[in-house]
Amino acid sequence: MINLAPSEKALVPFVSVENMMKLIHHIGLETMLVGLGDYIESDFRRWELFDKTPRVASHSEKGVIELMPTSDGDVYGVKYVNGHPSNTADGLQTVTAFGLLANVANGYPVLLSEMTLLTALRTAATSAIVARVLAPKDAHVMAMIGNGAQSEFQTLAMKAIVGIDEVRLYDIDPAATAKCAANLAGHGIKVVACDAAEEAMLGAQIVTTCTADKQYATILTDNMVGSGIHINAIGGDCPGKTELAPAILRRAGIFVEYPEQTRIEGEIQQLSADHPVTEIWQVLTGRAKGRTDAKQITLFDSVGFAIEDFSALRYVRDQIKATGLFDPLDLLADPEDPRDLFGMLQRAL
Ligand code: NAD
């Protein structure tokens, strides 16, 4: 007889891909990007409270699998994420992810969630809250280089949070640009498909590089970058995987999430270990200067940090309470006597 007494069990809310899609539509994509940006910014403002470590990476020939843990002392969060640039050729995603929150006081998980969609949203929201403080004040045109899975989210977060009204698309694969342009149609933003990265950058105050190639790539060369531009470099996020010519880095004011991780994974792996960088949380809290003048090139060397995932999971946990968009998951053993795990096993006889 199977008697698992599910009604009495402590069940863990699980947000599936299906429910995450419903949640995003229920809230509205741009509203959710703004909400995620607010949660991320509020957690960046209490940066010093968090347990921080560079992510734990397992590299292989074709990609990387990473664990990204952090805790604010009350809640623990961790994300599992991969990065496999050659996956798309096999019809698979470059990046997939899932994650959980747990109660620090007793270690029990309190939320399990898909994070492939959520990572795209949180990365975009992070890009935009950083661009809001670093990009030129009049920024309204963005060049979007790399038109894959992240690109529409990056564009719409910059629209919702920074106020860009034109995006200029370029990808080495014209099919990716066509896909991105079609997806962005009707979203209240002018979309221009371009045949070269140089063309995409014409008139842009912000350039987002979001390509996937496991090599020291040169998506932007030094001569392509004029004064005053803000570069949001997303795709270089692994040892041996970068997007910008080193000469650009030497001309730019460089802003990072967590230097200990970015020096391993970001564009700055191409520079000496003591090259000065500014931590973005310090800009958000007013402890450090952001853009110093209109001519400065600012670079957000984004690699993605655990606190952004923690904030995103926190946001989802708060939203599913009202919407019920989750499945209760039987994840926790619940013996009547906590020391009698063997006895609990007999319930399934
Ligand atoms: P994707 O594979 O869906 O898209 C990448 C696109 O880049 C493809 O369309 C490809 O044709 C294009 N591309 C490759 N080389 C190019 C070049 N030289 N010039 C122009 N376009 C080029 O990948 P995705 O999910 O959109 O992710 C993009 C990158 O962002 C990946 O490298 C991923 O690891 C990274 N990423 C970073 C963060 C972060 O927090 N910083 C988060 C998520 C993803």
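A short reminder: the numbers here are calculations on the coordinates, not readings from a lab. Since the model is a prediction, treat every value here as computed from it, not as a measurement. So basically every Cβ, Gly included, is an ideal-geometry build from the backbone, and we count neighbours across all protein chains shown.
Count the net charge of all other residues whose Cβ sits under 14 Å from the Cβ of residue 28, scoring Lys and Arg as +1 and Asp and Glu as -1.
Values: positive: 22, 159; negative: 30.
Value of the local net charge: +1.
Arrange 21, 142 by Cβ neighbour counts within 10 Å, fewest through most, would you? Could you put the intermediate results ahead of the total?
Working: 21 13, 142 30.
Least crowded to most crowded, the residues run 21, 142.
Pop out the ³J(HN,Hα) list for region 83-97 in order, Karplus 6.51 cos²θ - 1.76 cosθ + 1.60 with θ = phi - 60°, rounded to Hz; leave Gly and Pro as x.
x, 10, x, 7, 4, 4, 5, 9, x, 10, 6, 5, 10, 10, 7
With everything on Cα atoms, drop me the angle between helix 17-27 and the longest principal axis of the chain, reported from 0 to 90° to the nearest 10.
On a 0 to 90 degree scale, this one is about 60.
Give the relative contact order (percent, whole number) for the chain; include only Cα pairs under 8 Å separated by 6+ residues.
Values: 717 pairs, mean separation 75.3, N = 349.
Dividing the mean separation by the residue count of the chain yields 22 percent.
Can you give me the angle between helix 29-44 and the longest principal axis of the chain, using Cα atoms only, in degrees from 0 to 90, rounded to the nearest 10?
Between helix and principal axis, roughly 80 degrees.
For the chain, give the share of DSSP beta bridges that are antiparallel, in percent and rounded to the nearest 5; count only bridges with both residues there.
In the chain, approximately 50 percent of DSSP beta bridges are antiparallel ones.
Grab the other residues whose beta carbon is less than 9 angstrom from that of residue 104, score K and R as +1, D and E as -1, and report the net. Walk me through the intermediate numbers first.
On the way: positive: none; negative: 72, 74.
Every neighbour counted, the sum reads -2.
Would you look at the GNM of the chain, springs on alpha carbons closer than 10 Å, and say which of 102, 294, 89 moves the most?
The residue with the greatest mean-square fluctuation here is 89.
Which loop GluC sites (Glu not before Pro) in region 99-176, with loop taken from DSSP, have no more than 15 other Cβ atoms within 10 angstrom of their Cβ? Mind showing how you got there, number by number?
Details: sites: 114, 152, 166; in loops: none.
Loop-located and lightly packed - none at all.
Of 238, 210, how do they rank once you tally other Cβ atoms within 10 Å and put the fewest first? Before the final figure, lay out the partial values.
On the way: 238 21, 210 27.
By the 10 Å Cβ count, ascending, the order reads 238, 210.
Compute the acute angle (0 to 90°) between the alpha-carbon long axis of helix 174-184 and the principal axis of greatest extent of the alpha-carbon atoms of the chain; round to the nearest 10°.
70
Check residue 244: other-chain or 5+ apart residues with amide H under 5 Å from its amide H, H built from backbone geometry?
Those lying under 5 Å, H to H, from residue 244 are 219.
Choose one answer from 16, 272, 42: the residue with the largest mean-square fluctuation in a GNM of the chain with alpha-carbon springs under 10 Å.
Per the Cα network of the chain with a 10 Å cutoff, 272 tops the list.
Just 90, 222, 301 to compare: in a GNM of the chain, with alpha carbon springs under 10 Å, which one fluctuates most?
Judging by the Gaussian network model, the answer is 90.
Can you put 9, 241, 52 in order, fewest other beta carbons within 10 Å first?
Sorted ascending by nearby Cβ count, the order is 9, 52, 241.
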